[in-house]
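Here the structure is laid out as structure tokens; the discussion comes afterwards.
What follows is calculated from the coordinates using simple rules that are stated; it is not laboratory data. Keep in mind the model is a prediction, meaning the values are calculated, not measured. Methodologically, a virtual Cβ is constructed for each residue, glycine included, from the backbone with ideal geometry; neighbour enumeration extends over all protein chains shown.
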Amino acid sequence: GAGVSQSPRYKVAKRGQDVALRCDPISGHVSLFWYQQALGQGPEFLTYFQNEAQLDKSGLPSDRFFAERPEGSVSTLKIQRTQKEDSAVYLCASSLGTGLNTIYFGEGSWLTVV
Amino acid sequence: QKEVEQDPGPLSVPEGAIVSLNCTYSNSAFQYFMWYRQYSRKGPELLMYTYSSGNKEDGRFTAQVDKSSKYISLFIRDSQPSDSATYLCAMSVPNFGNEKLTFGTGTRLTIIP
């Protein structure tokens, strides 16, 4: 596709449920980032992949959060036993890895935990 | 205290006015500075990107960086209703082209026709 594609766009989960959020990066982009954006806040870094290698997961808020990119393309962010404080927009971004001006964001997956 | 501080607004100005948006930061290691625009229910899109102190102009937009004061600004000239959005400043430490971004809170801007 022409841009970064994320699915689902909107997800309502009951507290305690597991959720999986998918990101399809721009074709050929080796770098992939996940960010979390709470309402009224700026995005906050969660994790970063270079191809299939997860090089930085310092921003994952707890061990309930897990991300993978097994073939170096599509990535999945999984949240286990969701809590209300997990309600946020989860943004995926991909990049050629050659500079900050090559980073493109998807439209995000809006998660509401009730 | 957050590494990047940004006034959340909201900010409302009449069409045609000059808009000034600002951020301050505390981490001296930040070397790259960006401004993103985010429309409602959309992802951020890059507006301006710079890595040195001084001014950078692109059409109606001017980005200004003052590393000595740890202060960055975005100016929008001849503002249009289509400029109504949230503006996010972002910064990063050099990491061989794979820098993670630290964002400000975002300033919500409305241009009144």
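The figures follow:
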item	result
Convex hull of Cα atoms in the protein assembly as shown, direction-averaged projection (nm²)	12.4 nm²
The stretch B:1-50, relative contact order in percent, only Cα pairs under 8 angstrom and at least six apart counted	29 percent
Simple Cβ-charge dipole of the stretch A:68-110, Lys/Arg +1 and Asp/Glu -1, about Cα centre, in debye nearest 20	100 debye
Value of D in µm² per second that Stokes-Einstein yields for chain A, Kirkwood Rh from Cα pairs, at 20 °C (1.002 mPa s)	154 µm²/s
Lysine pair number, Cα distance threshold 20 Å (strictly under), the stretch B:4-112, separation 8 or more or different chains	5
15 Å beta-carbon shell around B:Asp58, net charge (K/R +1, D/E -1)	0
Inter-site label distance for A:Glu68 and A:Thr102 at 7 Å from Cα along Cβ, in nm	2.8 nm
Cβ-placed point charges (K, R +1; D, E -1), dipole of the protein assembly as shown about Cα centre in debye, nearest 20	540 debye
Percent RCO, i.e. relative contact order, over chain A, from Cα pairs under 8 Å lying at least 6 residues apart	36 percent
Distribution of pairwise C-alpha distances over chain B, 5 Å bins, in %	2, 12, 24, 25, 20, 11, 5, 1, 0
Local electrostatic count at B:Val93 - Lys and Arg +1, Asp and Glu -1, tallied over other residues with Cβ under 10 Å	0
Relative contact order %, the stretch B:45-113, counting alpha carbon pairs below 8 Å whose residues are six or more apart	23 percent
Cβ charges +1 (Lys, Arg) and -1 (Asp, Glu), total dipole of chain B, debye	200 debye
